[in-house]
Amino acid sequence: MSTTEDILDAARARGAGQPYAGAVTPCEAFALLQSDARVKLVDVRTNAERDWIGRAAVDEPQQAAVQWTLYPGGAPNPDFATQLQQVADKEDVVLFLCRSGVRSRHAARVATELGFQDAFDILEGFEGDRDSEGHRKSLGGWCKAGLPWVGA
């Protein structure tokens, strides 16, 4: 079984060259959340996505929602930085989750620019990529990995 530092070391190596600390797999993210109270999951999907699709089943003190973009319309959340600083400390290990791993990379980059030294992208996101039929949750992601989540 990997320790918190083993997982973070692998994540840093995997994310070498990125403008944030690194990237974890969904399973690594869940293991970190189970083993270390200083780890925070920040779901950057819209409120509508969490309400309609579901969310990771992680205890409240370790999970927060800070929208990267707003629904409807997809405008950038002008309060992202302020809201992030209200839910996580700069000393925390912050894991960013979105639908497929795109917005979470942007959020990790901005968090790093704000002084969060341990900002990580969760690869594949909550639902993963679309399959050949256009469906999600079958090619990667938190749900496909069989990790606990709460449906809509």
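For the condition charged (D, E, K, R), touching a Gly at 6+ places or on another chain (Cβ under 8 Å) and more than 19 Å from Arg136 (Cβ to Cβ), Arg14 qualifies. Here Asp43 meets each of (1) out of contact with any Leu (no Cβ under 6 Å at 6 or more places or on another chain); (2) farther than 24 Å from Gly17 by Cβ with one exception, condition (1).
The sole residue among Ala37, Ala56 that is at pLDDT below 95 and touching a Pro at 6+ places or on another chain (Cβ under 9 Å) is Ala37. On the stretch given as the stretch 101-119, residues that are at pLDDT below 95 and not in a loop (DSSP other than H, G, I, E, B) total 0. Suppose we keep only residues that are of a type in the set (S, T, N, Q) and within 16 Å of Ser100 (Cα to Cα) within the stretch 48-80. Which one would you say is surrounded by the most Cβ atoms within 10 Å (Cβ to Cβ)? Result: Gln67. Got at least one residue in the stretch 141-152 being assigned to a loop (DSSP other than H, G, I, E, B), over 24 Å from Val94 (Cβ atoms), of a type outside the set (S, T, N, Q) and at pLDDT below 90? Yes.
The values are calculated or read from the model by the stated rules, or taken from the named source; none is laboratory data. Everything quoted here is computed from the prediction, not taken from an experiment. Backbone-built Cβ (ideal geometry, glycine too); neighbour counts: all protein chains shown.
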